[in-house]
Amino acid sequence: MQKKIYGLIGWPLEHSFSPKYFTEKFKELHLAGHSYKVFPMDSILQFPELIMRRANLQGLNVTIPYKEDIINYLDEMDREAATVGAVNCIRFRHTKGDLLLKGYNTDIYGFEKSLQDKYDLNNIKHAVILGNGGGAKAVKYILDKKKIPYHIVSRTQQDDENNIITYEQLTNEYLGIIDLLVNATPIGMWPNINEAPAINYEALTSKCLCYDMIYNPAETLFLQRCKQQGCPTQNGLDMLKFQAEKSWEIWNL
């Protein structure tokens, strides 16, 4: 039986959700020759060496900070991944001795499904995204799709997008009218559990759904502070489960 290896690349990768999830999935499906491993890389330049050393690789997930940098190493991308400019799933295809790598973005599917399963997205009229990295790109894609106005909050102002503002420009007035606040930064992720994005949480109203793409810890300081204002909250665990299932579907195309 040929062994099939799947895995996750990123940095750091302590306490990752994916290995346990896929190991249990392989057991349930009686796939004895399948395994899922973590490949921590402190530089994306290590990626080609990983591919050369692991001939049995069938697919990879990609997490921070490489969702954008990985694109330079791919042969092609599907339409959604190309549109958002971020990849978190790679399908390996062996054809006549050649290896072709195709990138996908399953964060898009995971974020939308995790929201629409619990909330009516038609009720969201204004949104704010904290962060402008690979995860934020999936959120932007869904908000654009649903025609929901939003601002992106970044540490630095960028001239190429007029809806990007800095944390200093995020006013109490605007925080008071938003219906959706998404933390798409790694601030507050384990082990830095005593950190939270620097916004005025007291300006939030109880109508604002506060969503943290982090899943470890289950309730970040960001979510705790939002909950203190009476806001409904959601972490990134459901999103992660949905995107993992989508990855598995892609790997088995």
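Every read-out reported here was derived from the displayed coordinates using simple, explicitly stated rules and does not represent laboratory data. Because the structure is a prediction, the values reported are computed rather than measured. Heads up, the Cβs are rebuilt from the backbone with ideal geometry, glycines too, and the neighbour counts pull from every protein chain shown.
How high is the relative contact order of the chain, in percent, with contacts defined as C-alpha pairs under 8 Å that are six or more residues apart? Let's see the in-between values first.
Working: 458 pairs, mean separation 36.3, N = 253.
After rounding, I find 14 percent.
List every residue whose amide H lies under 5 Å from the amide H of ILE164, counting only residues 5 or more places away in sequence or on a different chain, with H placed 1.01 Å from N in the peptide plane.
ILE152
Percent relative contact order of segment 120-208, based on C-alpha pairs within less than 8 angstrom and at least six residues apart?
Working: 125 pairs, mean separation 29.5, N = 89.
Taking the mean separation of contacting Cα pairs over the length of segment 120-208, I get 33 percent.
Amide H of GLU68 versus every other amide H placed in the peptide plane: which residues, excluding those fewer than 5 positions away on the same chain, fall under 5 Å?
Under 5 Å from the amide H of GLU68 lie the amide H atoms of VAL87, each far enough along the sequence or on another chain.
Ranking ASP69, ASP107 by Cβ neighbours within 10 Å, fewest first, what do you get? Write down the numbers at each step before the final one.
On the way: ASP69 16, ASP107 34.
Ranked by crowding around the Cβ, least crowded first: ASP69, ASP107.
Quick check on segment 189-236: take the gyration tensor over C-alpha atoms, sort the square-rooted eigenvalues as a ≥ b ≥ c, and tell me if it's rounded (a/c under 1.5), prolate or oblate. Present the calculation step by step, with values, prior to reporting the outcome.
On the way: a/c = 2.50, a/b = 1.53, b/c = 1.64.
Taking the square roots of the gyration eigenvalues as a ≥ b ≥ c, segment 189-236 is oblate.
Give, as a single signed number, the net charge of other residues whose beta carbon lies under 13 Å from the beta carbon of TRP248, with Lys and Arg counted +1 and Asp and Glu -1.
On the way: positive: LYS4, LYS25, ARG91, LYS241, LYS246; negative: GLU24, GLU28, GLU245, GLU249.
Taking every other residue near TRP248 into account, the sum is +1.
What is the dipole size for the chain, taken about its Cα centre, with +1 at each Lys and Arg Cβ and -1 at each Asp and Glu Cβ, in debye to the nearest 20? List each step's numbers first, then the result.
Values: 28 positive and 30 negative charges, 183 e Å.
That gives a dipole near 880 debye.
Need one word for segment 108-238: rounded, prolate or oblate. Basis is the Cα gyration tensor (sqrt eigenvalues a ≥ b ≥ c); a/c below 1.5 gives rounded, then a/b vs b/c decides.
Working: a/c = 1.19, a/b = 1.06, b/c = 1.12.
Here segment 108-238 falls in the rounded category.
So, in Å, what gap is there between the alpha-carbon centers of segment 21-73 and segment 127-150?
Segment 21-73 and segment 127-150 have Cα centres separated by 26 Å.
Among GLU173, GLU80, GLU68, which one shows the highest mean-square fluctuation when the chain is modelled as a Gaussian network with alpha-carbon springs under 10 Å?
Result: GLU173 has the largest fluctuation of those listed.
What does the charge dipole of segment 4-104 about its Cα centre add up to, to the nearest 20 debye, if the Cβ of each Lys and Arg holds +1 and the Cβ of each Asp and Glu holds -1?
For segment 4-104, the charge dipole is close to 440 debye.
Looking at the chain only, what percent of DSSP beta bridges run antiparallel? Nearest 5 please. Mind showing how you got there, number by number?
Working: 10 of 41 bridges.
Restricted to the chain, the bridges split so that about 25 percent are antiparallel.
Structure shown: which of LYS20/LYS241; LYS25/LYS140; LYS147/LYS227; LYS102/LYS145; LYS27/LYS67; LYS207/LYS241 lie over 21 Å apart, alpha-carbon to alpha-carbon? Walk me through the numbers before you get to the answer.
Working: LYS20/LYS241 12 Å; LYS25/LYS140 31 Å; LYS147/LYS227 27 Å; LYS102/LYS145 23 Å; LYS27/LYS67 29 Å; LYS207/LYS241 26 Å.
Check vs 21 Å cut-off fails for LYS25/LYS140; LYS147/LYS227; LYS102/LYS145; LYS27/LYS67; LYS207/LYS241.
How would you classify segment 3-117 from its alpha-carbon gyration tensor, with a ≥ b ≥ c the square roots of the eigenvalues: rounded for a/c under 1.5, else prolate if a/b is greater than b/c, otherwise oblate?
On the way: a/c = 1.31, a/b = 1.02, b/c = 1.28.
Because its axes are fairly even, with a/c under 1.5, segment 3-117 counts as rounded.
Within the chain, which DSSP H helices have Cα atoms that stretch 20 Å or more along the helix axis and a mean Kyte-Doolittle hydropathy of at least -1.0? Walk me through the numbers before you get to the answer.
On the way: long enough: 237-251 (21 Å, -0.39).
Those that pass (Cα extent of 20 Å or more, hydropathy at least -1.0) are 237-251.
Considering only DSSP beta bridges with both partners in segment 1-150, what is the antiparallel share in %, to the nearest 5? Each step should come with its number before you reach the end.
Numbers: 10 of 25 bridges.
Counting DSSP beta bridges with both partners in segment 1-150, the antiparallel share is about 40 percent.
With charges only on Cβ, +1 for K and R and -1 for D and E, what is the dipole size of segment 11-51 about its Cα centre, in debye, rounded to 20?
Details: 4 positive and 5 negative charges, 39 e Å.
Around 180 debye, computed over segment 11-51.
Order by neighbour count: HIS30, HIS15, fewest other Cβ atoms within 10 Å first, most last. It would help to have the intermediate numbers written out before the result.
Working: HIS30 7, HIS15 12.
In order of increasing Cβ crowding within 10 Å: HIS30, HIS15.
In whole Hz and in residue order, list the ³J(HN,Hα) couplings for segment 80-97 that follow from phi through the Karplus curve 6.51 cos²θ - 1.76 cosθ + 1.60, θ = phi - 60°; x for Gly and Pro.
5, 4, 5, 5, 7, x, 8, 10, 10, 8, 10, 9, 9, 10, 9, 10, 6, x
Note down the relative contact order for segment 1-121 as a percent, whole number, built from C-alpha pairs under 8 angstrom at least six residues apart. If you can, show how the numbers build up before the last one.
On the way: 176 pairs, mean separation 28.1, N = 121.
Normalised by residue count, the contact order of segment 1-121 is 23 percent.
Lys/Arg Cβ at +1, Asp/Glu Cβ at -1, dipole of segment 4-104 taken about the Cα centre: which of LEU13, TYR104, ALA32 is farthest positive-ward?
Sorting the options by dipole projection puts first ALA32.
Using the Cα centre of the chain as origin and beta-carbon charges of +1 (Lys, Arg) and -1 (Asp, Glu), tell me which of LEU143, GLY230, ALA218 is placed farthest towards the positive end of the dipole.
Positive-most Cα among the choices belongs to ALA218.
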